[in-house]
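Before I ask anything, here is the structure I am working with.
The values are calculated or read from the model by the stated rules, or taken from the named source; none is laboratory data. Predicted model only: the values in this text are computed from it and were never measured. Using ideal geometry, Cβ is built from the backbone for each residue, glycine included, and neighbour counts are taken over all protein chains shown.
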Amino acid sequence: MSVSEPHPGCDDPSGPASSPSTEAPADAPATSGEPLGLYAQAFEHCHEAIAITDARRCIVAVNRAFTTLTGHAAAAVAGQALLDRVAPRRRPELDASLCTALALNGTWQGELPGRRDDGSDCPLWLSLTEVRDATGTPQHCIAILLDISERKANEARIHYLAHFDALTGLPNRVLLHQRLARATARARRAGWKVAVLFLDLDRFKTVNDSLGHDAGDQLLTEVAGRLRRSVREEDTVARLGGDEFVIVVERLQRDMDVALIADKVLRVVGAPLTIAGHELRVSTSIGISLFPEPSADADALIRNADTAMYHAKQAGRDNFQFFSEDMNARVLARLTIENGLRHALERGEFAIYYQPQVALADARLTGLEALLRWHAADGTVVPPDRFVPIAEESGLIVPIGEWALREACRQARRWRDAGLATVPVALNLSAVQFHRAEIATVLHDALWESGLEPRHIALEVTESTLMDADVAAATLEQLHELGVALAIDDFGTGYSNLGYLKRFPIDRLKIDRSFVRDIVTDPNDAAIVCAVIRLAHTLGLRVVAEGVETVEQLDFLRRQGCDEAQGYLFSPPLPEAAVTALLQDGGFGPQAR
C-alpha cells in the first residue's frame, strides 16, 4: 500500500483478500500440539478490547471485551472498516496519518472520540500494529482499544481544580489572569476599555468568628452567586481567596459605565440574606482600575484595583474608589448627579425659569424661553451645564423633558386664565428627546391636558439634532401639524446645512451667544450675524439673538434688522412669580426701548 494513496476502503481490490470471520471459538483445544487454540482462548478472554483486521483495516475478528466496550456484536461489524465502527467522525482525517505511520513504523497509537453502538460517546485510546509476511507485505492489523473515560474525567477534574475555586465554582487567580490578559489584548485591538473591580467583603471575619466557618462558606457562596447575576455573561467574576473577589468587565465605552456597575454590585451584595438562621447585611468595598489607563498589564490592573479597594475601606467601607484620584473624583461627581437626577422628579426638585424674548423694534415682550433649573435635596442649585449632559447620556432627559413640557403648558394656561397677555413659551428639545421619545404624542397630550392652544408653544432644536434629515423632516412635520412654532437653536454652531432651511417647516432662527458676544469688536462675528439675518429674512424666517448683554450689542442688532433678542440686558431667567409680575407690568425699562 502506497503512503500517498487515499485511505483504502473495505471494497478496495488491492491488498490480500481475506474472509471476514466472527469471534474465534472459545472451546479450541489448548494442547501443546495445538498452540492456535491457546492463542484463540487468550484473544477471546483478554480484558482489553481487541480487533483483528485485514490489511485494509476491515474487521476480521473481535473479542468479547470489544463487544462489551463498543456494544458492537462480532457478526454486525465483520467486514466493516474499523474506524467506521469505533470513531466515524475522525475517519476522514485519520486515514492519511494512519497510512503514513503504519508504512514507516508498522504502528500507530492515539486518542479517539469513540462512538458506541447505542450512539453514546466514549473516549478511546487506540493502538494499531501491522502484521507483515516474510516479504514485508501487510497482512493484518491488531487493534487494541482502551476506554479512557475515567482518565479523561480525572484530567478534567484536575484542570477544573487548577482553574476554578472549589467552594464557589468561580474562576480562581490562575484563570483570572488568563482571561484578563485575553481581555486586554482584545481591548487593545478594538479600542474599548476593560475594568477590573477588586472586592473585599467588609467585616467578614466577624461572621466567621461569631457564626462559624460553615456559615462563612455559605456566605461566600451566596455572594458569589449574587456577583455572577449582577454582571453580563461575558464578564468574569473570580474569587482570589478568602473574602476577595474580582470582576473583569469588557467592552466599556465610558468610565461612567463601570461606576454604574460598581454601584449596582454594592446594592446587590448589600441586600439582606439569611445565614445559619440569622439575617445578615453584608457590605463590600470596591477598588477599580481601568485599561488602558493607568497600566497595561494584568498584574498591574489587579494590583491597582487592590490599592483602590483599600482607599474604599479607609473612606468608610461600602463604597467604591477609582485608582486614579482625579478620575475617581470626576466619576463620583457624575454618579452623584445621575443618582440625584433619578429621584429629582419624584421629589419635585425641578423648576422652570423663563427668560423673556423681546422685539427689538419696540421692546415688546414676544416670548419666554423655558429653562430647567434643579434645586437638589441638599439645598444646592446644580447648574444646567453640569446636569443636562449627564441626563442626556443616561436617557433621563426623556422623562425630565416630558415633565418640563407638561409643566410649561400648565403654567402658560394659568397665566391665560389669570387674564394676562399670553406669549409663546419656547422649550428646548435635546437630540435624545427628539429621536427617542414620541415627542409629537407627548406634546399633543400636554396641550390637551392643559387646554392650551398650540400657538402658545414653540419648540427649539439644535442643528446637530437634524443631521438625519429624513427622520428630522418627518418629526418636524408632525409637530408643525399640531400648530406649534419651530425654531433652530444655536444656529451656525453645529452641522450647518442650508438645505434644511428650505426643507423643514421652521419659523425662526436663533443666533448663538458665541457670535453675539464679540459682535461689536470682531469683524468675523459681525459678518456672520449679518449674513444669518439676511438669509433668514430672505426665507421668510424671524431671527432671535441670544446672549445680548450690552447696549452696543443691542444697537448693532437693531441696525441689522434683527427681529428679537434675549439676554441679561433685558432680564435673567425668572421664576414663575417674577414672570407673572412682568406680564402684569409689560415693560423692561428705557435701555431696552
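Please specify each residue of segment 97-151 satisfying the condition of being part of a helix (DSSP H, G or I), among the aliphatic types (A, V, I, L, M) and farther than 22 Å from A61 by Cβ.
Those that are part of a helix (DSSP H, G or I), among the aliphatic types (A, V, I, L, M) and farther than 22 Å from A61 by Cβ: A101, A103, L104.
When residues of segment 317-353 are filtered for being surrounded by fewer than 18 Cβ atoms within 10 Å (Cβ to Cβ), without any contact (Cβ under 8 Å) to a residue 40 or more places away in the chain and not polar (S, T, N, Q), how many remain?
Number of matching residues: 9.
Is it the case that some residue within segment 287-297 is touching a Leu at 6+ places or on another chain (Cβ under 9 Å), within 30 Å of V461 (Cβ to Cβ) and either at pLDDT 95 or above or not assigned by the TED database to the domain that holds G567 (or both)?
no
Restricting attention to segment 312-329, and to residues there that are part of a helix (DSSP H, G or I) and within 22 Å of the chain's Cα centre (by Cα), which single residue is modelled with the highest pLDDT?
N328
Looking only at segment 45-73, count every residue that is of a type in the set (A, V, I, L, M), surrounded by fewer than 21 Cβ atoms within 10 Å (Cβ to Cβ) and in a loop (DSSP other than H, G, I, E, B) and tell me the total.
Of the residues in that region, 1 qualify.
In segment 227-238, what count of residues is obtained for those that are assigned to a helix (DSSP H, G or I) and either of a type in the set (F, W, Y) or buried (at least 17 other Cβ atoms within 10 Å of the Cβ) (or both)?
2
Has segment 537-552 got any residue that is without any contact (Cβ under 8 Å) to a residue 40 or more places away in the chain, out of contact with any His (no Cβ under 9 Å at 6 or more places or on another chain), of a type in the set (G, A, S) and assigned to a helix (DSSP H, G or I)?
Within segment 537-552, none of the residues are without any contact (Cβ under 8 Å) to a residue 40 or more places away in the chain, out of contact with any His (no Cβ under 9 Å at 6 or more places or on another chain), of a type in the set (G, A, S) and assigned to a helix (DSSP H, G or I).
Any idea which residue in segment 192-219 is farthest from V331 (Cα to Cα), counting only those that are of a type in the set (K, R) and surrounded by fewer than 18 Cβ atoms within 10 Å (Cβ to Cβ)?
At the first step, the residues of segment 192-219 found to be of a type in the set (K, R) are 193, 203, 205.
This time we only want the ones that are surrounded by fewer than 18 Cβ atoms within 10 Å (Cβ to Cβ), so: 203, 205.
Working: R203: 27, K205: 31 Å.
Here the residue is K205.
Looking at segment 395-423, which of its residues are in contact with a Ser or Thr (Cβ under 8 Å, 6 or more places away or on another chain) and crowded, with 18+ Cβ neighbours inside 10 Å?
I397, G401, C409, A412, R413, W415, V423
For a quick check of your reading of the model, give me the residue pairs whose first member lies in segment 469-487 and is surrounded by 15 or more Cβ atoms within 10 Å (Cβ to Cβ), whose second is outside any helix (DSSP H, G or I) and charged (D, E, K, R), with beta-carbon atoms closer than 6 Å and at least 6 apart or on different chains.
These pairs meet every condition: A485/D507; L486/D507; A487/E460; A487/R508; A487/K510.
A follow-up question, please. Out of everything in segment 571-584 that is in contact (Cβ under 8 Å) with a residue 40 or more places away in the chain and touching a Leu at 6+ places or on another chain (Cβ under 9 Å), what residue ends up being nearest to V529 (Cα to Cα)?
Kept after step one, since they are in contact (Cβ under 8 Å) with a residue 40 or more places away in the chain, are these residues of segment 571-584: 571-576, 579-580, 582-584.
Next, only the ones that are touching a Leu at 6+ places or on another chain (Cβ under 9 Å) stay: 571, 573-574, 579-580, 582-584.
Numbers: S571: 22, P573: 24, L574: 27, V579: 29, T580: 33, L582: 29, L583: 30, Q584: 33 Å.
Per the criteria, the residue is S571.
Report, by residue number, each residue of segment 310-322 that is among the hydrophobic types (A, V, I, L, M, F, W, C) and within 16 Å of M256 (Cβ to Cβ).
F320, F322 - these are the residues of segment 310-322 that are among the hydrophobic types (A, V, I, L, M, F, W, C) and within 16 Å of M256 (Cβ to Cβ).
Now, a different point. Mind telling me which of the residues L396, L365 ends up being within 30 Å of G561 (Cα to Cα) and either polar (S, T, N, Q) or assigned by the TED database to the domain that holds L574 (or both)?
Sole residue among the options that is within 30 Å of G561 (Cα to Cα) and either polar (S, T, N, Q) or assigned by the TED database to the domain that holds L574 (or both): L365.
Next question, about the same structure. Report, by residue number, each residue of segment 282-311 that is in contact (Cβ under 8 Å) with a residue 40 or more places away in the chain, more than 25 Å from L220 (Cα to Cα) and part of a helix (DSSP H, G or I).
Of everything in segment 282-311, nothing turns out to be in contact (Cβ under 8 Å) with a residue 40 or more places away in the chain, more than 25 Å from L220 (Cα to Cα) and part of a helix (DSSP H, G or I).
Still on this structure: Give the residues of segment 147-174 that are within 24 Å of G71 (Cβ to Cβ) and crowded, with 16+ Cβ neighbours inside 10 Å, sorted by residue number.
D147, I148
Checking the condition among the charged types (D, E, K, R), in contact (Cβ under 8 Å) with a residue 40 or more places away in the chain and within 24 Å of S394 (Cα to Cα), which residue from R232, R254, R239, R267 passes?
Working: R232 fails: in contact (Cβ under 8 Å) with a residue 40 or more places away in the chain; R239 fails: within 24 Å of S394 (Cα to Cα); R267 fails: in contact (Cβ under 8 Å) with a residue 40 or more places away in the chain.
After ruling out the rest, the residue left standing is R254.
Next up: If you scan segment 408-440, which residues turn out to be of a type outside the set (A, V, I, L, M, F, W, C) and touching a helix residue (DSSP H, G or I) at 6+ places or on another chain (Cβ under 9 Å)? Let's see the steps before the verdict.
The first filter runs over segment 408-440 and keeps only residues of a type outside the set (A, V, I, L, M, F, W, C), leaving 410-411, 413-414, 416-417, 419, 422, 424, 428, 430, 433, 435-436, 438.
R410, Q411, R413, R414, R416, T422, P424, N428, S430, Q433, H435, R436, listed by residue number.
Check segment 118-126 and report whether any residue there is assigned by the TED database to the domain that holds S97, in contact with a Lys or Arg (Cβ under 6 Å, 6 or more places away or on another chain) and modelled with pLDDT under 95.
Yes; the residues of segment 118-126 include at least one that is assigned by the TED database to the domain that holds S97, in contact with a Lys or Arg (Cβ under 6 Å, 6 or more places away or on another chain) and modelled with pLDDT under 95.
Still on this model: Just checking, does segment 496-506 include any residue being at pLDDT 90 or above, exposed (fewer than 15 other Cβ atoms within 10 Å of the Cβ) and farther than 22 Å from V358 by Cβ?
So far as segment 496-506 goes, yes, one or more of its residues are at pLDDT 90 or above, exposed (fewer than 15 other Cβ atoms within 10 Å of the Cβ) and farther than 22 Å from V358 by Cβ.
Can you find a residue that is in a helix (DSSP H, G or I), under 20 Å from D306 (Cβ atoms) and either touching a helix residue (DSSP H, G or I) at 6+ places or on another chain (Cβ under 6 Å) or polar (S, T, N, Q) (or both) anywhere in segment 250-262?
Checked against the condition, which is being in a helix (DSSP H, G or I), under 20 Å from D306 (Cβ atoms) and either touching a helix residue (DSSP H, G or I) at 6+ places or on another chain (Cβ under 6 Å) or polar (S, T, N, Q) (or both), segment 250-262 yields at least one hit.
Can you tell me which of A156, A195, A166, A185 is in contact (Cβ under 8 Å) with a residue 24 or more places away in the chain, of a type in the set (G, A, S) and either within 25 Å of I286 (Cβ to Cβ) or not in a loop (DSSP other than H, G, I, E, B) (or both)?
When all the criteria are applied, what remains is A195.
When the residues of segment 208-234 are filtered to those that are in contact with a Phe, Trp or Tyr (Cβ under 8 Å, 6 or more places away or on another chain) and among the small types (G, A, S), which remaining residue is modelled with the highest pLDDT?
Of everything passing the filter in segment 208-234, A224 is modelled with the highest pLDDT.
Go through segment 510-528 and give me each residue that's over 44 Å from the mean Cα position of the chain (by Cα), surrounded by 15 or more Cβ atoms within 10 Å (Cβ to Cβ) and either in a helix (DSSP H, G or I) or not assigned by the TED database to the domain that holds L427 (or both).
A526
Still on this structure, please answer the following. Would it be correct to say that Q314 is over 30 Å from T580 (Cβ atoms), surrounded by fewer than 18 Cβ atoms within 10 Å (Cβ to Cβ), free of Cβ contacts under 8 Å to residues at least 40 places away in the same chain and of a type in the set (S, T, N, Q)?
Judged against the criteria, Q314 is a match.
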